[in-house]
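Q: Sharing a structure with you now.
The values are calculated or read from the model by the stated rules, or taken from the named source; none is laboratory data. Bear in mind the structure is a predicted one, so any value in this text is a computation, not a measurement. As a convention, Cβ positions derive from the backbone with ideal geometry for all residues, glycine included, and neighbour counts pool all protein chains shown. Areas reflect the complete protein model, heavy atoms only, side chains present, ligands, DNA and RNA absent. Shrake-Rupley method; radii C 1.70, N 1.55, O 1.52, S 1.80 Å.
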Amino acid sequence: MKRALAAGLAAAVLVLLAACTNTEDSDEKGNAPDNVELRISAAASLTDALDDFKKTYEEKHEGVKLTFMYGGSGKLATAIENGAPADLFLSASKKDMDTLDGKGLIDGPTRKDFTTNTLVLITNEGTADPITSFKDIDPADIDHFVIGEPGSVPVGRYTKKVFESLGLWRKMQDKLVLASDVRQVLTQVELGNAEYGIVYSSDAFISDKVKVVAEADPGWHTPIVYPGAVVKDSKHPEEAEKFFDELLGDEGQKVLEKYGFK
């Protein structure tokens, strides 16, 4: 009887040790014990770069799934204000990040700038004899000019600054077509629905249906800087910060450069 009891206890101890060993092995490999879904609200201009980075990141971090919500930074910030679930916010403008920061909706110490961009004037690839300078823009010669909506889309705010610097903002009002994010600006020019548009250089970089005719002088607008931060109500703040740190690292920066970011 005693031998049987001792044997049973020994077997139980072995099972417990095996379980502990499996847990330690899992931790050493960096695998999360449970699957984690990171919800990342990101500026539309980051779409291609982040979709690329997602593949390698998920391969390296078993158990972590990245879900991106792309759109205009202003609309994404408003959604976070209204309680939309998000773990990390990657904005195309400081203004929208400042709004969330001022309302205590991001984790301040995690906020960092992670890339920059430039503005370019684009036209459809098939356009014959296009203008070659921002200073050549003449409202009388243009039917439709597409830009981001200045109230909620960072590229639209930068565009407005450019037009104001060139004395064109009021003159262009009857020609403007407003888009909900920078990718819609790109699409409208690709389809030929507008003769010209203004996008980031990274957006023009990924399209073979448009051509860049000029780059905006940086002095015409505020600096185009992309800040990121962990959202205060994140369900996975440590995982979100880890992802952001890797985006800031060599591998993440190389992916951003690959898609035309600075």
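Q: With a 1.4 Å probe and all protein chains kept in place, how much accessible area does residue 64 have, in Å² rounded to the nearest 10?
A: Accessible surface of residue 64 is approximately 20 Å².
Q: If you don't mind, another one. Normalise the Debye intensity by I(0) for segment 125-262, one equal point scatterer per Cα, no solvent, then take log10 at q = 0.09, 0.19, 0.20 Å⁻¹ and round to two decimals.
A: Per q value, in the given order, log10 I(q)/I(0) is -0.33, -1.14, -1.23.
Q: Fully extended, how many nm does the chain gain between residue 55 and residue 128 (0.36 nm per residue separation, minus their Cα-Cα distance)?
A: Numbers: separation 73, 0.36 × 73 = 26.28 nm, distance 3.92 nm.
The residue 55-residue 128 span can extend by a further 22.4 nm.
Q: Still on this structure, I have one more. For segment 155-262, compute the number of Lys pairs whose alpha carbons are separated by less than 16 Å, excluding pairs fewer than 8 positions apart on the same chain. Walk me through the intermediate numbers first.
A: Numbers: 160/171; 160/175; 161/171; 232/242; 254/262.
Within segment 155-262, the lysine pair count is 5.
Q: Please compute the modelled spin-label separation between residue 177 and residue 217, points set 7 Å along Cα→Cβ, answer in nm with one decimal.
A: 2.9
Q: Normalised by the empirical 2.2 N^0.38 Å for globular proteins, what value does the Cα Rg of the chain take? Let's see the in-between values first.
A: Details: Rg = 24.4 Å, N = 262, 2.2 N^0.38 = 18.3 Å.
Normalised Cα radius of gyration, the chain: 1.34.
Q: Once label points are set 7 Å from the Cα along Cα→Cβ at both residue 164 and residue 258, what is their separation, rounded to one decimal in nm?
A: A separation of 3.8 nm, rounded to one decimal place.
Q: Separate question: Taking all protein chains in place and a 1.4 Å probe, what share, in percent, of the accessible surface of segment 214-262 do carbon and sulfur account for?
A: 48
Q: Still on this structure: DSSP loop (so not H, G, I, E, B), at most 15 other Cβ within 10 Å: list which trypsin sites (Lys or Arg not before Pro) in segment 183-227 pass both filters.
A: Values: sites: 183, 209, 211; in loops: 209.
Here the sparse-neighbourhood loop sites are 209.
Q: Report the calculated FRET efficiency for residue 135 and residue 235 (r = Cβ-Cβ distance, R0 = 45 Å), to the nearest 0.05. Let's see the in-between values first.
A: Values: r = 50 Å, r/R0 = 1.11.
That pair, residue 135 with residue 235, gives E of 0.35.
Q: May I pose another question? Provide, for q = 0.16, 0.18 Å⁻¹, the log10 of I(q)/I(0) from a solvent-free Debye sum over equal Cα point scatterers in segment 47-93.
A: Log-scaled intensity ratios, in q order: -0.52, -0.63.
Q: Counting pairs of Cα atoms in segment 73-195, how many percent are more than 18 Å apart?
A: Details: 4341 of 7503 pairs.
Of all Cα-Cα distances in segment 73-195, 58 percent exceed 18 Å.
Q: Hand me the trypsin sites (Lys or Arg not before Pro) from segment 82-115 located in a DSSP loop with no more than 15 other Cβ atoms within 10 Å, in residue order please.
A: Details: sites: 94, 95, 103, 111, 112; in loops: 103, 111.
Taking segment 82-115 and a limit of 15 other Cβ atoms within 10 Å, the loop trypsin sites (Lys or Arg not before Pro) found are 103.
Q: Still on this structure, I have one more. Say a paramagnetic label sat at a point 7 Å from the Cα of residue 37, along Cα to Cβ; which residues of segment 85-99 have their backbone N under 14 Å from it?
A: 85-87
Q: Provide the gained length on full extension for the span residue 81 to residue 208, in nm with one decimal, where the gain is 0.36 nm per separating residue minus the Cα-Cα distance.
A: 42.0 nm
Q: Also: How many Å² of accessible area per residue for the chain, probe 1.4 Å? Walk me through the intermediate numbers first.
A: Numbers: 13420 Å² over 262 residues.
Result: 51 Å² per residue.
Q: Where does the chain land at 222 nm, in deg cm²/dmol rounded to the nearest 500, when only DSSP H runs of n ≥ 4 count, each adding -39500 (n - 2.57), divided by all residues?
A: It lands at -12500 deg cm²/dmol.
Q: Do any GluC sites (Glu not before Pro) in segment 100-197 lie in a DSSP loop with no more than 15 other beta carbon atoms within 10 Å, and if so, which? Intermediate results must be reported in sequence, preceding the final value.
A: Working: sites: 125, 164, 190, 195; in loops: 125, 195.
Passing both the DSSP loop test and the Cβ count: 125.
Q: Now for a different question. Counting alpha carbon pairs within less than 8 Å and at least 6 residues apart, what relative contact order, in whole percent, applies to the chain? Write out the running numbers ahead of the final one.
A: On the way: 455 pairs, mean separation 69.5, N = 262.
27 percent.
Q: So what's the net charge close to residue 131: Lys and Arg +1, Asp and Glu -1, counting the other residues with Cβ under 10 Å from its Cβ?
A: Working: positive: 135; negative: 129, 136, 138, 141, 195.
Summing Lys and Arg as +1 and Asp and Glu as -1 gives -4.
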